[in-house]
């Protein structure tokens, strides 16, 4: 294997730490950086530093934000009686793109996965129970918690765990429907997706 100068080799190693980046991609990224003007690289470095120093968790919903509480939790136009639970901040963005949900969010930053050593204590759940009290929610009572974890084994386990915790508290807990994606062909749908589509059927 070709030996690179030590700074280049270190940069390649750092890029390899990124999810989904292997040796070849890391090498391409490193040489891309080497070819860019210093001003561009400085902007990139500053953006990385700013993210690490300027972004924190929202104390209410755990979203990534530069202001605490975040813009969703402080928006007076949002329905404070509904909370949608998602696994990651980018899942929140996916829900927002629908433009149909106007409630609040709660981000777990993960899902239950015994194989990866992620148990209930690793999820950002404790502050959810605080939010269920009207005195901590601008006097508004929570009427529904929507569990929008991913349709994976881990996501399902997480959804069931949360439902078991919330139902004794008298909170209505719902799960997002899962099944056939729009525009797909039945021929290529796996059996789990088809099973969910049949289970979540509705009258027309």
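Points to keep in mind about this one:
- Most fluctuating residue given options 108, 71, 125, as computed from a GNM of the chain linking Cα atoms under 10 Å: 71
- The DSSP beta bridges internal to the range 64-175 are antiparallel in roughly 10% of cases.
- Angle between the chain longest axis and helix 6-16 axis [Cα atoms, degrees, rounded to 10]: 20 degrees
- Cα centroid separation, the range 1-69 to the range 107-123: 25 Å.
- Here the chain carries DSSP beta bridges of which approximately 20% are antiparallel, counting only pairs with both residues inside.
- Taking every Cα-Cα distance in the range 77-118 and sorting them into 10 Å bins from zero, the calculated P(r) comes out as 27, 46, 19, 8, 0 percent.
- Helix 153-166 vs. the chain, principal-axis angle (Cα, 0 to 90°, nearest 10): 40 degrees
- Taken along the Cα-to-beta-carbon direction at a fixed 7 Å, the label points for residue 164 and residue 118 span 1.8 nm.
- Potential lengthening between residue 23 and residue 174 on full extension [0.36 nm per residue; Cα-Cα distance subtracted]: 50.1 nm
- Comparing 154, 122, 187 in a Gaussian network model of the chain (Cα springs below 10 Å), the most mobile by mean-square fluctuation is 187.
- In this label model, residue 77 and residue 16 are separated by 4.9 nm, measuring between points 7 Å along each Cα→Cβ vector.
- Helix-only CD estimate at 222 nm, as mean residue ellipticity for the chain, using -39500 (n - 2.57) per DSSP H run (n ≥ 4): -11500 deg cm²/dmol
- 0 to 90° range, to nearest 10: angle between helix 23-35 axis and the chain longest Cα axis: 60 degrees
- Extension gain for residue 90-residue 36 works out to 16.5 nm (0.36 nm per residue, less the C-alpha to C-alpha distance).
- GNM top mover of 100, 59, 113 - the chain, alpha-carbon springs below 10 Å: 100
- Extension gain (nm, one decimal) between residue 141 and residue 45, 0.36 nm per residue minus Cα-Cα: 30.1 nm
- The label point for residue 97 and the one for residue 6, both projected 7 Å from the Cα toward the Cβ, are 4.5 nm apart.
- Evaluated on the range 64-175, the Kirkwood hydrodynamic radius is 14.5 Å, with distances taken between all distinct Cα atoms.
- The chain: proportion of alpha-carbon pairs further apart than 30 angstrom, %: 41 percent
We did not get these values from a lab; they are worked out from the coordinates using the rules stated. All figures in this text were calculated on a predicted structure; none of them were measured in a lab. Ideal geometry is used to build each Cβ from the backbone, glycine not excepted, and the neighbour counts take in all protein chains shown.
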